[in-house]
């Protein structure tokens with residue numbers, strides 16, 4: 001009798017599991033910036049859903065896979081004003097049962113967000129901040145970085161310039177704090193790969209609008225004046241994260257030289273023109289869903305949400321500890337349309353990735369370049385490598 | 001005069017004696033052409049203009065048509081093998097890439113990369129019979145020898161979907177490594193091999209138990225692991241030897257079909273994609289995307305014996321049965 005009951009119960013249980021058992025729901029939070037940065041070109045003006053659209057597309061991809069595994073992915077979004085502590089936003093989302101956060105905030109605010117999550121077992125994905133220090137002295141065991149670093153971007157560009165034998169660089173740097181950081185990365189790359197910075201000039205941001213009705217007349221006179229008298233150089237490397245001047249350099253330089261860096265040939269994690277290695281399919285899916293092209297920030301957020309999905313698929317769990325452990329482990333690899341799998345640097349949780357070099361129309365090349373060798377992974381020729389790291393994960 | 005004729009006959013005889021002549025059709029992804037190769041002479045004897053971005057290619061069982069998926073035109077073109085001209089199209093979904101036909105030669109199953117479906121087409125009527133919803137970016141297509149189970153691999157979902165061809169329902173989903181691209185049954189139906197391009201492995205699946213029973217990895221001395229990207233698979237009729245194209249590793253791995261051990265690597269052209277045997281299984285032809293050529297492998301000797309220049313970015317290859 002007891003046996004019959006047990007069997008019946010078991011049958012019932014199995015039936016419940018097979019027929020429409022509640023799917024495992026994995027909740028993701030997206031925390032982005034409320035402000036958009038000003039850009040020189042209208043074409044570069046960030047869309048309202050920059051970043052979060054990439055995460056949404058990855059969620060769709062995760063849910064298509066999830067329907068075969070009875071997993072469901074949902075996302076909530078919060079926006080934080082520049083300089084505002086994101087702690088409240090994080091805690092509010094955490095109270096909704098969210099354990100995974102995709103974050104596009106400045107380095108300081110990202111660290112505040114992660115600190116807010118301490119002790120609650122939250123996992124953060126830095127999709128926006130390219131600061132090396134977040135992977136070095138300020139690294140954390142609960143923050144994964146899908147955005148490349150300045151040093152990775154600079155190395156990706158430098159390898160190509162060296163491949164071209166454009167070894168004499170005229171470095172033009174903006175006057176903002178972030179520009180100084182990027183200039184440091186460029187100097188480091190030049191030193192590593194054997195290029196020479198023949199001179200450095202600072203382009204002061206004196207304020208003012210990016211868009212005026214008669215601006216061009218002045219600019220085509222100002223830029224050659226600014227660049228005159230420079231020592232012989234093969235290429236102008238511009239560093240201008242705040243979009244003050246770099247896009248004005250191409251075709252306006254004193255000497256007929258190509259421009260690279262923040263304008264001209266730009267190193268980035270993704271570009272709307274990238275169509276190799278199946279990327280065309282992702283670009284098409286994105287266009288169908290959002291009626292616009294996919295940006296680098298979209299891709300960095302897509303990668304983060306896909307990492308969560310990929311791990312959940314493999315470990316068949318939504319538990320943040322289990323997922324984080326899988327992502328840090330040797331079996332994790334992300335297919336992200338860049339010709340090889342992306343993996344995590346286990347010493348600082350940075351996603352290894354090729355760097356695209358885009359001219360705004362096409363992908364000119366993809367780094368690492370041939371011949372830049374590494375004993376472990378050629379992707380580790382980009383950015384600060386294990387032996388130089390200051391990161392102690394905790 | 002007399003001698004010359006004899007000479008000519010001798011040459012012809014020798015060629016015929018060495019190998020029967022089949023036609024190999026190679027899709028050139030960038031040229032938008034099909035190169036036609038005479039497998040005995042080992043040279044290109046014709047070039048056929050087709051639509052945008054030809055990739056997946058196969059010959060109908062009656063040998064009347066070469067079917068080629070022209071992804072950027074969202075269709076499959078039918079080339080008349082007698083005239084070497086495109087004579088008709090089949091109604092696939094958007095961006096068709098790979099497809100397989102059923103044993104009767106009546107139905108065609110097509111993976112449409114852009115809308116997460118597999119389309120079923122009646123070849124004779126040129127009619128679309130229905131769609132099956134699968135994972136993200138469907139790609140590889142394999143049919144069990146009895147025609148009962150269709151396997152589709154989805155590149156971003158990382159699964160082999162088992163589809164019952166009678167009901168068009170998915171009956172099993174098997175997780176494999178990242179970006180599965182190709183599915184190949186052994187002729188006796190005992191094993192299904194699925195290549196994972198980004199994962200760098202081939203999963204050997206037991207089709208009855210529907211579990212991965214073995215996983216083949218590849219270690220090429222001096223080659224970085226990321227460059228090993230398995231794509232096309234070919235298995236001999238007796239199931240004893242498998243060949244796996246390793247993409248940018250520029251090699252074909254030769255695998256013992258029983259022990260699943262890698263026996264040997266054959267150096268071919270750059271970014272090797274897909275393969276096809278001649279019907280007598282004497283030769284295996286590989287498409288080498290970046291070097292714009294086709295390598296000819298002597299299957300018994302396991303040696304690369306020739307290279308044939310074709311169009312730009314050769315991708316798929318199909319060989320006529322007569």
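Residues being assigned to a strand (DSSP E or B) and either more than 11 Å from every other protein chain (Cβ to nearest Cβ) or at pLDDT 95 or above (or both): count how many of those fall in segment B:129-158. Show your work before the answer.
Filtering segment B:129-158 for residues assigned to a strand (DSSP E or B) gives B:129-133, B:138-143, B:149-154.
Now narrow it down to the ones that are either more than 11 Å from every other protein chain (Cβ to nearest Cβ) or at pLDDT 95 or above (or both): B:129-132, B:140-143, B:149-153.
Within segment B:129-158, residues that are assigned to a strand (DSSP E or B) and either more than 11 Å from every other protein chain (Cβ to nearest Cβ) or at pLDDT 95 or above (or both) number 13.
Can you tell which of B:43, B:49, B:30 is surrounded by fewer than 20 Cβ atoms within 10 Å (Cβ to Cβ), farther than 20 Å from residue B:78 by Cα and modelled with pLDDT of 95 or more?
None of the others qualify; the one that does is B:43.
Evaluate segment A:338-348: report whether one residue or more is outside the structural domain of residue A:282 (by TED's automatic domain parsing), at pLDDT 95 or above and over 19 Å from residue B:200 (Cβ atoms).
no
Taking the criterion of being assigned to a strand (DSSP E or B) and either within 13 Å of chain B (Cβ to nearest Cβ) or under 13 Å from residue A:148 (Cβ atoms) (or both), would at least one residue in segment A:371-393 satisfy it?
Restricting attention to segment A:371-393, the residues satisfying the condition of being assigned to a strand (DSSP E or B) are none.
Taking every residue of segment A:371-393 in turn, none turns out to be assigned to a strand (DSSP E or B) and either within 13 Å of chain B (Cβ to nearest Cβ) or under 13 Å from residue A:148 (Cβ atoms) (or both).
Does residue A:322 qualify as being outside the structural domain of residue A:56 (by TED's automatic domain parsing) and modelled with pLDDT of 95 or more?
Numbers: outside the structural domain of residue A:56 (by TED's automatic domain parsing): no; modelled with pLDDT of 95 or more: yes.
Answer is no for this residue.
Quick one: how many residues across segment B:300-322 are part of a loop (DSSP other than H, G, I, E, B) and crowded, with 19+ Cβ neighbours inside 10 Å?
Result for segment B:300-322: 3.
Inside segment A:312-323, can you point out the residues that are more than 20 Å from residue A:103 (Cα to Cα), within 12 Å of chain B (Cβ to nearest Cβ) and assigned to a helix (DSSP H, G or I)?
Hits for segment A:312-323 are A:313, A:314, A:315.
Which number in (1) buried (at least 20 other Cβ atoms within 10 Å of the Cβ); (2) touching a strand residue (DSSP E or B) at 6+ places or on another chain (Cβ under 6 Å) marks the one condition that residue A:286 misses?
Of (1) buried (at least 20 other Cβ atoms within 10 Å of the Cβ); (2) touching a strand residue (DSSP E or B) at 6+ places or on another chain (Cβ under 6 Å), only one is false for residue A:286: (2).
For residue A:274, state whether it is within 25 Å of residue A:144 (Cβ to Cβ), part of a loop (DSSP other than H, G, I, E, B) and away from chain B (no Cβ under 14 Å).
Values: within 25 Å of residue A:144 (Cβ to Cβ): yes; part of a loop (DSSP other than H, G, I, E, B): yes; away from chain B (no Cβ under 14 Å): yes.
Here the answer is yes, as residue A:274 does meet what is asked.
Looking only at segment A:349-376, count how many residues are modelled with pLDDT of 95 or more and touching a helix residue (DSSP H, G or I) at 6+ places or on another chain (Cβ under 6 Å).
Summing the residues that are modelled with pLDDT of 95 or more and touching a helix residue (DSSP H, G or I) at 6+ places or on another chain (Cβ under 6 Å) in segment A:349-376 gives 7.
Can residue B:194 be described as farther than 23 Å from residue B:107 by Cα, away from every other protein chain (no Cβ under 14 Å), part of a strand (DSSP E or B) and under 19 Å from the mean Cα position of the chain (by Cα)?
Values: farther than 23 Å from residue B:107 by Cα: no; away from every other protein chain (no Cβ under 14 Å): yes; part of a strand (DSSP E or B): yes; under 19 Å from the mean Cα position of the chain (by Cα): yes.
Taking the combined requirement at face value, the residue does not satisfy it.
Quick one: residue A:276 ticks every box in (1) under 23 Å from residue A:367 (Cα atoms); (2) without any contact (Cβ under 8 Å) to a residue 60 or more places away in the chain; (3) surrounded by fewer than 18 Cβ atoms within 10 Å (Cβ to Cβ) except a single one, so which number is it?
With respect to (1) under 23 Å from residue A:367 (Cα atoms); (2) without any contact (Cβ under 8 Å) to a residue 60 or more places away in the chain; (3) surrounded by fewer than 18 Cβ atoms within 10 Å (Cβ to Cβ), residue A:276 is out only on (2).
Does residue B:229 meet the test of being within 13 Å of another protein chain (Cβ to nearest Cβ), buried (at least 16 other Cβ atoms within 10 Å of the Cβ) and part of a loop (DSSP other than H, G, I, E, B)?
Values: within 13 Å of another protein chain (Cβ to nearest Cβ): yes; buried (at least 16 other Cβ atoms within 10 Å of the Cβ): yes; part of a loop (DSSP other than H, G, I, E, B): yes.
Yes.
Among the candidates A:309, A:339, single out the residue that is under 18 Å from residue A:269 (Cα atoms), within 14 Å of chain B (Cβ to nearest Cβ) and in contact with a strand residue (DSSP E or B) (Cβ under 9 Å, 6 or more places away or on another chain).
Values: A:309 fails: under 18 Å from residue A:269 (Cα atoms).
Step by step, each of A:309, A:339 is checked, and only A:339 is under 18 Å from residue A:269 (Cα atoms), within 14 Å of chain B (Cβ to nearest Cβ) and in contact with a strand residue (DSSP E or B) (Cβ under 9 Å, 6 or more places away or on another chain).
Go through (1) within 19 Å of residue B:141 (Cβ to Cβ); (2) free of Cβ contacts under 8 Å to residues at least 60 places away in the same chain for residue B:80 and report which single condition fails.
Among (1) within 19 Å of residue B:141 (Cβ to Cβ); (2) free of Cβ contacts under 8 Å to residues at least 60 places away in the same chain, residue B:80 violates only (1).
Select from segment B:75-114 the residues that are touching a helix residue (DSSP H, G or I) at 6+ places or on another chain (Cβ under 7 Å) and buried (at least 20 other Cβ atoms within 10 Å of the Cβ) and write down the one among them that is farthest from the other protein chains (Cβ to nearest Cβ). Walk me through how you get there before you give the answer.
So in segment B:75-114, the residues touching a helix residue (DSSP H, G or I) at 6+ places or on another chain (Cβ under 7 Å) come out as B:95-97, B:113-114.
Add one more test, that the residue is buried (at least 20 other Cβ atoms within 10 Å of the Cβ), and what stays is B:95-97, B:113.
On the way: B:95: 7, B:96: 12, B:97: 10, B:113: 5 Å.
Within segment B:75-114, the match that is farthest from the other protein chains (Cβ to nearest Cβ) is B:96.
Within the group B:177, B:238, which residue is surrounded by fewer than 19 Cβ atoms within 10 Å (Cβ to Cβ) and part of a loop (DSSP other than H, G, I, E, B)? Don't jump to the end; show me each part of the working.
Working: B:177 fails: surrounded by fewer than 19 Cβ atoms within 10 Å (Cβ to Cβ).
Exactly one residue qualifies, and that residue is B:238.
Pull out all pairs, ordered by first then second residue, where Cβ-Cβ is under 9 Å, the residues are six or more apart or on different chains, the first lies in segment B:274-297 and is at positive phi, and the second is part of a strand (DSSP E or B) and surrounded by 21 or more Cβ atoms within 10 Å (Cβ to Cβ).
Taking only residues 6 or more apart or on different chains, the pairs are B:292/B:28; B:292/B:314.
Output the strands (runs of 3 or more DSSP E) that fall wholly within segment A:113-210 and possess 2 or more residues being in the same structural domain as residue A:231 (by TED's automatic domain parsing), or say none. Give the derivation first.
Numbers: elements: A:123-126, A:143-145, A:168-174, A:196-203.
Fully inside segment A:113-210 and qualifying: A:168-174, A:196-203.
Within segment A:315-328, restricting attention to residues that are free of Cβ contacts under 8 Å to residues at least 40 places away in the same chain and within 22 Å of residue A:300 (Cβ to Cβ), which residue is nearest to the chain's Cα centre (by Cα)?
The extreme case among them is A:328.
Which of (1) within 12 Å of chain A (Cβ to nearest Cβ); (2) outside any strand (DSSP E or B) does residue B:220 not meet, given it meets every other one?
So residue B:220 meets the others, but not (1).
Here is a list: B:188, B:164. Which entry is more than 12 Å from chain A (Cβ to nearest Cβ) and free of Cβ contacts under 8 Å to residues at least 24 places away in the same chain?
On the way: B:188 fails: free of Cβ contacts under 8 Å to residues at least 24 places away in the same chain.
Criteria check complete, one pass: B:164.
The values are calculated or read from the model by the stated rules, or taken from the named source; none is laboratory data. No experiment lies behind these values; they were computed from the predicted model shown. Heads up, the Cβs are rebuilt from the backbone with ideal geometry, glycines too, and the neighbour counts pull from every protein chain shown.
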